[in-house]
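Novice: Next up is a structure, given as structure tokens.
The values are calculated or read from the model by the stated rules, or taken from the named source; none is laboratory data. Keep in mind the model is a prediction, meaning the values are calculated, not measured. Cβ placement follows ideal geometry from the backbone for every residue including glycine, while neighbour counts extend to all protein chains displayed. Keep in mind that these areas ignore ligands, DNA and RNA; they rest on the heavy atoms of the full protein, side chains included. Shrake-Rupley method; radii C 1.70, N 1.55, O 1.52, S 1.80 Å.
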Amino acid sequence: MKTELCNEKLQHANIYVLAELSEGKLKISGNEIGRACEDLFGDSDYEYFYSFDEENTEKLFNLLSENPEANILALLNKNFSGPDCCKKLREFCQDHSIKYSFFSY
């Protein structure tokens with residue numbers, strides 16, 4: 001199951017973020033292209049990945065909804081969408097001690 005958290009064309013960057021739930025694990029991949037990336041990272045293309053294990057995926061979704069029948073991807077869209085979706089997710093995880101791994105290039 002997948003959902004798009006962001007597909008925005010901003011003045012200085014295009015941002016695309018996709019969330020995927022597979023085998024009980026949440027994976028989020030993002031790609032930013034544009035002058036803002038070049039200014040910050042020295043390259044016009046920046047890719048990044050967040051990976052949650054099963055325990056922390058479950059913890060995240062339990063905090064977002066008390067309803068076990070809730071649509072997980074809809075909860076992600078409701079709480080973490082738009083150009084700052086990853087920032088909102090990181091802050092939520094930090095506030096609730098939810099662990100994930102991060103990789104970028």
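Quick grid of which residues meet (1) open to solvent by less than 90 Å² (accessible area, probe 1.4 Å); (2) not aliphatic (A, V, I, L, M):
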{"position": "Glu20", "(1), (2)": "yes, yes"}
{"position": "Glu23", "(1), (2)": "no, yes"}
{"position": "Lys27", "(1), (2)": "no, yes"}
{"position": "Arg35", "(1), (2)": "no, yes"}
{"position": "Pro68", "(1), (2)": "no, yes"}
{"position": "Leu76", "(1), (2)": "yes, no"}
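Novice: Within the range 1-18, restricting attention to residues that are closer than 28 Å to Glu55 by Cα and within 14 Å of the chain's Cα centre (by Cα), which residue is most open to solvent (accessible area, probe 1.4 Å)?
Specialist: Applying the filter and picking the extreme gives Lys2.
Novice: Please work out if Phe61 is out of contact with any strand residue (DSSP E or B) (no Cβ under 6 Å at 6 or more places or on another chain) and not hydroxyl-bearing (Ser, Thr, Tyr).
Specialist: So Phe61 fits the description; yes.
Novice: Tell me, which residue of the range 40-62 that is touching a residue at least 12 places away in the same chain (Cβ under 8 Å) and hydrophobic (A, V, I, L, M, F, W, C) is surrounded by the fewest Cβ atoms within 10 Å (Cβ to Cβ)?
Specialist: Taking the candidates together, the pick is Phe49.
Novice: Being in a loop (DSSP other than H, G, I, E, B) and in contact (Cβ under 8 Å) with a residue 60 or more places away in the chain is true for just one of Ser97, Ser81. Which residue is that?
Specialist: Ser81
Novice: Only one of these conditions is not met by Phe102: (1) free of Cβ contacts under 8 Å to residues at least 60 places away in the same chain; (2) in contact with a helix residue (DSSP H, G or I) (Cβ under 8 Å, 6 or more places away or on another chain). Which number is it?
Specialist: Result: Phe102 passes all but (2).
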